[in-house]
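The values are calculated or read from the model by the stated rules, or taken from the named source; none is laboratory data. Owing to the predicted nature of the structure, the values given are computational and were not obtained by experimental measurement. Every residue, glycine as well, gets a Cβ built from its backbone with ideal geometry; the counts of neighbours run over all protein chains shown. For the accessible areas, the whole protein counts, side chains as well, though only heavy atoms, and no ligand, DNA or RNA atoms are used. Shrake-Rupley method; radii C 1.70, N 1.55, O 1.52, S 1.80 Å.
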Amino acid sequence: MGGDEIGAALKVLILGGTREARQLAGLATGERGFDVVSSLAGRVARPVLPAGAVRVGGFGGVRGLRDWLADNGIEVIVDATHPFAATISAHAAQAARMTGVPILQLRRPGWPQQPDDHWLRVPDMAAAAAAAAGFERVFLTIGRQHVGEFADLDETWFLIRAIDPPTGPVPPQHLLLLARGPFTVEQEIALLREHRIDALLTKDSGGDLTEAKMTAARHEGIPVIVVDRPPLPAGADHTDTVAGAWDWLCARSGRDRIPAETDGPVVGLEGI
């Protein structure tokens, strides 16, 4: 179908909360042949909202999402959630299989390890906590959800940075820093030095908005405990660029590709 033959708008659900999700919603919202609703988990008190329609909160598991897709006539799903949002990604993949709705997983690349990096990769938060126990002063940048995994470490001091405060248990020795990035390399170096940090602990979230802390740790020769990403659900299309997701949406709509300004690698916002 040519670009002048515009039919009914394609109904799109974007599972979002990341900057790439907002970029994609901005491209697809408006008179471009798409009817887009973005869904946010609601775990951040003041999220940055995308363009277009937005819903906030869970769906009630796989069956709840399946029913919501049917009730709202959704024709395609783009899962552009945080790389560590494993539960909603699994639910979305299952609901897509149950309903026959095509799904695309949009994930920014992880950070590449540089020659001067001192990384210790771990598979999960339990292993991260075990690794953190070997250090005296740890900069914890994993968001607020998994801070409780470190609550039993009474001999390690933590600088905990998050957008919103943790709601569960916290380590007995800690300082909570509530802040939303991005942060500069200079700011991160100053923070590491001020608090005499001897290890950084982070998820492999990827994206340039939060990469400054990795650069700062490299500059200071500080080890980084890096939590590996959970695997993506099987059976879905996948891309690591907004441009790739935009191509996929345009192809699904049957329309010619509308030029997009975001034809490079995607970047994302940590913790949401």
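Structural remarks
- Number of positions in the stretch 167-176 that are open to solvent by 60 Å² or more (accessible area, probe 1.4 Å) and of a type in the set (A, V, I, L, M): 2
- Residue within the stretch 53-75 that is in contact with a strand residue (DSSP E or B) (Cβ under 6 Å, 6 or more places away or on another chain) and open to solvent by less than 20 Å² (accessible area, probe 1.4 Å) present: yes
- Residues that are open to solvent by less than 20 Å² (accessible area, probe 1.4 Å) and either among the acidic types (D, E) or under 14 Å from the mean Cα position of the chain (by Cα) (or both), drawn from the stretch 25-43: S39, L40
- Filtering R193, R218, R229 for residues that are open to solvent by 20 Å² or more (accessible area, probe 1.4 Å), in contact with a His (Cβ under 9 Å, 6 or more places away or on another chain), among the basic types (K, R) and modelled with pLDDT of 90 or more leaves a single hit, R218.
- Qualifying position, being farther than 24 Å from D208 by Cα and not assigned by the TED database to the domain that holds R22, among A96, A130, A162: A130
- Selection count, the stretch 21-40, where residues are farther than 18 Å from P83 by Cβ, part of a strand (DSSP E or B) and aliphatic (A, V, I, L, M): 2
- Meets criteria (open to solvent by less than 50 Å² (accessible area, probe 1.4 Å), at pLDDT below 90 and not β-branched (V, I, T)) for S253: yes
- Scanning the stretch 115-128 for residues being touching a His at 6+ places or on another chain (Cβ under 9 Å) and closer than 17 Å to F150 by Cα gives a total of 2.
- Between A251, A245, the distinction of being within 19 Å of Q23 (Cα to Cα) and touching a Ser or Thr at 6+ places or on another chain (Cβ under 6 Å) belongs to A245 only.
- Meets criteria (open to solvent by 40 Å² or more (accessible area, probe 1.4 Å) and touching a residue at least 40 places away in the same chain (Cβ under 8 Å)) for D164: no
- When D204 is tested against (1) open to solvent by 40 Å² or more (accessible area, probe 1.4 Å); (2) on the phi < 0 side of the Ramachandran plot, only condition (1) is not met.
- Breaking point among (1) buried (at least 18 other Cβ atoms within 10 Å of the Cβ); (2) in the same structural domain as L177 (by the TED database), for T81: (2)
- When the stretch 92-106 is filtered for residues that are within 17 Å of the chain's Cα centre (by Cα) and either at pLDDT below 95 or among the small types (G, A, S) (or both), the ones remaining, listed by number, are A92, A93.
- Residue check for V122: out of contact with any Pro (no Cβ under 7 Å at 6 or more places or on another chain), within 20 Å of A251 (Cα to Cα) and either surrounded by fewer than 20 Cβ atoms within 10 Å (Cβ to Cβ) or assigned by the TED database to the domain that holds P47 (or both): no
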